[in-house]
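Participant: Okay, here's the structure, questions in a sec.
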Amino acid sequence: MNKDRSSSGRPVLAVDLGGTKLLVALVENGRVLSRATTATDRHAGPALWLQTLAELARAWRGRYTSAGVAVTGRVQDGLWSALNANVLDIGNGFALQQACEQALGVPVLLANDAQAAAWGEYSHGAGKQRDLVYLTISTGIGGGIISNGRLIKGRHGLAGHIGQLLPFEAVSKEAVLEDQVSGRWIASEALRCGHEMDARGVFKAADTGEGWAQSIIETSAQRTARLCRNIQMLLDPEIIVMGGGIGLADGYLEQVLGLLEQQPVELRPVLVAAALGDESGAIGIADLATEYLP
Ligand code: BMX
């Protein structure tokens, strides 16, 4: 990718739709000029999600001539599908490219949310143009790989989908790795202990010294540390950049780093927090749109 071209861009409408949050922003040269967020209405479905994002973007109409849309789930040939419907129930093969262009009235570039965030951290964040793996611990667990300055998408757009690995011992037939680590898992474990709350509530309870909450978070952090070690062994990236609501929650990264210290130093990843916070995906997809759209 030619950085000179992308850095001379004009504002791009950037969208990052995840299982928990929708972020819409106006982005120029890796900088968020303006942003709006709302909780993802998990039961609304693709048509209503697009309607919501078009409404949020209305304030900036006329200021952008292209858009980048990053979404949780698999994106391939303009079609959008869930890999794990528990993260967000998108269905299979929704015509996202066409629907976005209709809703926004400008050319649109699509990508998976974690792949876009990997590009954001590579081009404007913690990566500083170094090979990296971006890992988001969020509603699910997503990932993106940058190698030799390229975003690796793979044959079916699946590259980096770390949360979809199969654990050796599955708790149920469908269970994938993210179902034993992510924010959804943290909330479901809390419920099993008799506490009905979301992952944020579990972090708050842990902060106030609740042992059950501390133990859930520790288990999640232990599994994330193992995942980081596996990523290191598979791709040996210069750094792993961690993002997502759980990945960036107070103290989580520090716990994972502490656990990684038990690894032999030569196998230990260099793990850092996403420098762009919750804007890695929006900044990444804006940069990609500037580069690849006319
Ligand atoms: C899931 C999968 C990935 C996504 C990751 C993080 C779906 C709907 N999503 O593994 O595509 O990147 O979750 O998503 O199958 P988030 O919504 O938690 O950011």
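Participant: Going by the conditions given, is Trp49 among the aromatic types (Phe, Trp, Tyr) and assigned to a helix (DSSP H, G or I)?
Facilitator: Numbers: among the aromatic types (Phe, Trp, Tyr): yes; assigned to a helix (DSSP H, G or I): yes.
The answer is yes for Trp49.
Participant: If you don't mind, there's one more thing I want to ask. May I ask you to list the residues in the stretch 25-41 that are closer than 18 Å to Glu55 by Cα, among the hydrophobic types (A, V, I, L, M, F, W, C) and touching a residue at least 60 places away in the same chain (Cβ under 8 Å)? Let's see the steps before the verdict.
Facilitator: So the first thing to find is which residues in the stretch 25-41 are closer than 18 Å to Glu55 by Cα, and the list is 25-27, 33-41.
Those still in the list that are among the hydrophobic types (A, V, I, L, M, F, W, C) too: 25-27, 33, 36, 39.
Result: Ala25, Val27.
Participant: Shifting gears a bit: Where residues in the stretch 63-90 are assigned to a loop (DSSP other than H, G, I, E, B) and within 18 Å of Leu288 (Cβ to Cβ), which of them is farthest from the ligand (Cβ to nearest atom)? Can you show your working first?
Facilitator: Within the stretch 63-90, the subset assigned to a loop (DSSP other than H, G, I, E, B) is 63-66, 72-73, 77-78, 82-90.
Those left that are additionally within 18 Å of Leu288 (Cβ to Cβ): 64-66, 72-73, 77-78.
Details: Tyr64: 24, Thr65: 27, Ser66: 23, Thr72: 3, Gly73: 4, Asp77: 16, Gly78: 16 Å.
Of everything passing the filter in the stretch 63-90, Thr65 is farthest from the ligand (Cβ to nearest atom).
Participant: Condition check: exposed (fewer than 15 other Cβ atoms within 10 Å of the Cβ), at positive phi and either modelled with pLDDT of 95 or more or in a strand (DSSP E or B) (or both). Does Gly160 satisfy that?
Facilitator: On the way: exposed (fewer than 15 other Cβ atoms within 10 Å of the Cβ): no; at positive phi: yes; either modelled with pLDDT of 95 or more or in a strand (DSSP E or B) (or both): yes.
In short, no.
Participant: Based on this model, can you work out whether Pro237 counts as part of a loop (DSSP other than H, G, I, E, B), more than 24 Å from Arg130 (Cβ to Cβ) and in contact with a Pro (Cβ under 9 Å, 6 or more places away or on another chain)? Step through it out loud before you land on a result.
Facilitator: Working: part of a loop (DSSP other than H, G, I, E, B): yes; more than 24 Å from Arg130 (Cβ to Cβ): no; in contact with a Pro (Cβ under 9 Å, 6 or more places away or on another chain): yes.
Criteria not met by Pro237.
Participant: Looking for whichever is touching a helix residue (DSSP H, G or I) at 6+ places or on another chain (Cβ under 9 Å) and over 25 Å from Asp16 (Cβ atoms) here; the options are Thr139, Thr219, Thr224, Thr208. Which one fits?
Facilitator: Values: Thr139 fails: over 25 Å from Asp16 (Cβ atoms); Thr224 fails: over 25 Å from Asp16 (Cβ atoms); Thr208 fails: touching a helix residue (DSSP H, G or I) at 6+ places or on another chain (Cβ under 9 Å).
Unique residue meeting the criteria: Thr219.
Participant: Follow-up. State which residue is nearest to Glu238 (Cα to Cα) when the search covers only the stretch 254-286 and only residues that are in a helix (DSSP H, G or I) and in contact with a Lys or Arg (Cβ under 9 Å, 6 or more places away or on another chain). Lay out the reasoning, then the answer.
Facilitator: Applying the first criterion (in a helix (DSSP H, G or I)) to the stretch 254-286 yields 254-260, 265-267, 277-286.
From what's left, in contact with a Lys or Arg (Cβ under 9 Å, 6 or more places away or on another chain): 259-260, 267, 278-279, 282-283.
On the way: Leu259: 19, Leu260: 16, Leu267: 12, Asp278: 22, Glu279: 22, Ala282: 23, Ile283: 21 Å.
Of everything passing the filter in the stretch 254-286, Leu267 is nearest to Glu238 (Cα to Cα).
Participant: Condition check: touching a residue at least 12 places away in the same chain (Cβ under 8 Å), β-branched (Val, Ile, Thr) and in contact with a Phe, Trp or Tyr (Cβ under 6 Å, 6 or more places away or on another chain). Does Val241 satisfy that? Before the answer, list the steps.
Facilitator: On the way: touching a residue at least 12 places away in the same chain (Cβ under 8 Å): yes; β-branched (Val, Ile, Thr): yes; in contact with a Phe, Trp or Tyr (Cβ under 6 Å, 6 or more places away or on another chain): yes.
For Val241, the condition - touching a residue at least 12 places away in the same chain (Cβ under 8 Å), β-branched (Val, Ile, Thr) and in contact with a Phe, Trp or Tyr (Cβ under 6 Å, 6 or more places away or on another chain) - is met.
Residues are listed down the side, and each one gets a yes or a no for (1) among the charged types (D, E, K, R); (2) within 12 Å of the ligand (Cβ to nearest atom); (3) within 22 Å of Gln76 (Cα to Cα):
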site: Thr139; (1), (2), (3): no, yes, yes
site: Ile145; (1), (2), (3): no, no, yes
site: His161; (1), (2), (3): no, yes, yes
site: Glu169; (1), (2), (3): yes, no, no
site: Val176; (1), (2), (3): no, yes, yes
site: Gly183; (1), (2), (3): no, yes, no
site: Ala190; (1), (2), (3): no, no, no
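Participant: Among residues belonging to the stretch 118-137 that are hydroxyl-bearing (Ser, Thr, Tyr) and more than 9 Å from the ligand (Cβ to nearest atom), point out the one that is farthest from Pro269 (Cα to Cα).
Facilitator: As a first pass, look at the stretch 118-137 and keep what is hydroxyl-bearing (Ser, Thr, Tyr): 122-123, 134, 136.
Narrowing the set further to residues that are more than 9 Å from the ligand (Cβ to nearest atom) leaves 122-123, 134.
Working: Tyr122: 17, Ser123: 20, Tyr134: 12 Å.
Checked the stretch 118-137; the qualifying residue farthest from Pro269 (Cα to Cα) is Ser123.
Participant: Would you check if there is a residue in the stretch 198-214 being in a loop (DSSP other than H, G, I, E, B) and within 12 Å of the ligand (Cβ to nearest atom)?
Facilitator: Quick first cut of the stretch 198-214, residues in a loop (DSSP other than H, G, I, E, B) only: 198, 208-210.
From what is left, the residues that are within 12 Å of the ligand (Cβ to nearest atom) are none.
No, the stretch 198-214 has no match at all.
The values are calculated or read from the model by the stated rules, or taken from the named source; none is laboratory data. Computed from a prediction, not measured in an experiment: that's the story for all the values here. FYI the Cβ positions are ideal-geometry reconstructions off the backbone, even for glycines, and counts take in every protein chain you see.
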